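Notes for the one structure printed next.
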Amino acid sequence: MPTDCISYQKSGYFAKLIVDYLEEKPELNMLYNRFPTLENFKSQLEEKAQNYPPENRAILVEALKYQYKDFEISEETQQNISILLHSKTFTVTTGHQLNLFTGPLYFLYKIVSTITLCDTLKKEYPEHDFVPVYWMATEDHDFEEINYFNFKKVKIKWNAESHGPVGRLSTAGLASVLEAFATELGVGQNADYLKKLFENSYLKHDNLADATRYLANELFGKSGLVILDGDNASLKRLFVPYVREELLNKTSFQKVSETNAILEKNYPIQVNPREINLFYIEDTLRERIIFEDGIYKINSTQRTFSEKEILELLDKSPEKFSPNVILRPLYEEVILPNLCYIGGGGEISYWLQLQSNFESNNITFPILLVRNSVLLVSEKQFQKADKLHLSWKDLFSNQQELFNNKTKEFSAFTIDFSEQKEYLKHQFEKLTVIALQTDKSFIGAVNAQQTKQIKGLENLEKRLLKAEKRVHTEKLEQILWLQNELFPNQGLQERKANFSEFYLNDGSQLIDRLINNLHPLESNFSIITL
């Protein structure tokens with residue numbers, strides 16, 4: 001059986017910026033506060049304790065109690081909300097869109113990483129308490145990114161329209177989605193549970209935020225997960241000074257632009273700041289705030305505000321102001337006693353653009369941790385990999401590269417003409433010396449002949465490899481089948497599949513296995529056999 005593991009850096013699925021971050025390249029030190037090691041949390045605890053207003057805790061807890069008032073919650077979650085009042089309680093946070101029925105598998109991995117890191121920190125720092133928080137991205141408006149999930153090879157889609165914050169979107173019309181999903185699920189105890197879970201989440205709650213809260217609470221309530229909706233007037237009021245700063249001085253644009261100018265020399269830029277990184281929101285409206293000719297305008301509308309008017313609106317109705325991707329992290333860290341943000345590679349990439357803006361606002365920058373990545377493997381798939389003598393490194397590799405390497409491995413003789421090419425190279429070096437000593441015009445002919453003969457060897461090598469592939473067709477097709485099963489469309493399983501596909505067979509053990517096997521401070525892909 002395969003026994004190797006594969007690091008994030010060698011998996012081939014992470015951008016250069018994340019690889020360099022994980023390898024702690026010194027040129028990136030300026031982009032973050034502390035690297036995620038168990039030891040570094042000690043200093044992070046001390047700094048956040050000094051830089052988080054105690055009065056914010058009461059406002060946070062009251063907001064959470066209000067958001068949970070119509071929900072049955074576990075004792076563990078209830079306890080975690082209560083202890084947020086204590087000065088020695090801190091959070092570890094992840095965030096995610098309100099994807100239909102959780103969307104891709106990595107939704108689970110983010111939350112499990114958050115839960116398990118809290119457990120790890122509690123063991124290391126027993127005098128403190130640590131609360132796992134899932135920040136629901138209720139103010140997003142990219143409905144096309146969240147209105148579907150994949151079950152096996154079927155796309156289950158919610159056909160609706162959304163123009164405002166997705167958290168406020170009505171769940172009307174999702175009965176037909178459940179009907180389509182139920183047809184694919186079939187029968188059985190786990191199938192019945194998934195149908196009921198979908199029904200209770202989406203058909204018994206009026207908006208997408210409440211539906212997602214119910215769903216995440218059902219899956220992770222016993223682990224004490226606290227689910228937070230930032231679309232809240234009392235929480236937004238804590239953010240008023242920073243919104244005012246953004247409106248008047250456009251600080252985030254200046255600071256992030258400076259960082260981007262440094263980053264773009266070596267890395268692609270994940271997000272670009274706008275002059276004002278705020279939206280104006282209502283139930284069916286989410287539009288950018290634009291500053292032109294001394295007037296604040298709401299994009300795509302006729303609404304305009306003078307400076308005095310928009311500041312009066314901010315004081316009166318802070319819930320109408322929504323931070324975009326540049327300012328949302330700052331908002332999170334203002335309202336939470338947070339130590340660490342856990343996200344995917346793309347998320348951590350844009351967080352790395354934000355450190356200077358946090359400094360200018362005097363808010364502690366959290367430790368940034370790349371979430372756990374997982375490959376779920378059935379026993380049948382595991383045995384197949386063993387039979388074919390495949391390592392995890394093999395299975396993570398490019399498909400054409402895998403085919404070529406395995407063909408050469410299966411072949412009874414060496415399909416590599418490197419030795420012959422090297423021999424030719426030496427022979428033509430000698431011919432070049434002779435040409436230089438006689439007639440320099442021969443050099444062109446010597447070089448042309450070298451190129452021709454090397455090309456001939458390469459063509460022979462390709463033909464031989466192709467012929468050997470035909471000889472070993474059966475084995476190679478089995479490898480192709482296995483890799484395609486584990487890496488749909490040659491992409492990561494966790495970005496395509498939905499948890500329900502695995503819950504159907506594994507039941508509630510699925511989440512237990514994840515919690516027992518994921519170690520967020522280790523940057524290796526977790527391979528879990530179901």
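In percent, how large is the relative contact order of region 79-149, given Cα pairs closer than 8 Å and 6 or more residues apart?
Values: 88 pairs, mean separation 34.1, N = 71.
Normalised by residue count, the contact order of region 79-149 is 48 percent.
Grab the other residues whose beta carbon is less than 15 angstrom from that of R213, score K and R as +1, D and E as -1, and report the net.
Summing Lys/Arg as +1 and Asp/Glu as -1 gives -4.
Each residue in I276, I115 was given a count of other beta-carbon atoms within 10 angstrom of its own, and listing them fewest first yields I276, I115. For K308, neighbours were defined as the other residues whose beta-carbon sits under 14 Å from its Cβ, and their charges (Lys and Arg +1, Asp and Glu -1) total -2. Share of pairwise Cα-Cα distances greater than 30 Å in the chain is 58 percent (whole percent).
For E474 and K10, the FRET efficiency from 1/(1 + (r/R0)^6), where r spans their Cβ atoms and R0 equals 41 Å, is about 0.90. Sorting R57, R213 by the number of Cβ atoms found within 10 Å of their own Cβ, with the fewest placed first, yields R57, R213. Taking the helices alone, the chain has a mean residue ellipticity at 222 nm of -15000 deg cm²/dmol, built from -39,500 (n - 2.57) per DSSP H run of at least 4 residues and averaged over all its residues. Here the chain is assigned +1 on the Cβ of each Lys and Arg and -1 on the Cβ of each Asp and Glu. Its dipole about the Cα centre then comes out at about 1600 debye.
Amide H contacts under 5 Å for F90: D129, F130, V131, restricted to partners 5 or more places along the chain or on a different chain, H placed in the peptide plane at 1.01 Å from N. With K and R counted +1 and D and E -1, the other residues having a Cβ less than 12 Å from that of Y242 yield a net charge of 0. Among the trypsin sites (Lys or Arg not before Pro) in region 125-165, those placed in a DSSP loop whose Cβ has at most 14 other Cβ atoms within 10 Å are K152, K153. With loop membership from DSSP and a limit of 15 other Cβ atoms within 10 Å, the longest segment of the chain without GluC sites (Glu not before Pro) is 276-521. DSSP bridge analysis restricted to the chain gives an antiparallel fraction near 45%, rounded to the nearest 5. Determine the relative contact order of the chain: mean sequence separation of Cα pairs under 8 Å and six or more apart, normalised by residue count, in whole percent. Result for the chain is 24 percent.
Bear in mind that the values in this text are calculations on the coordinates, not laboratory data. Predicted model only: the values in this text are computed from it and were never measured. Virtual Cβ from ideal backbone geometry, glycine too; neighbours counted across all protein chains shown.
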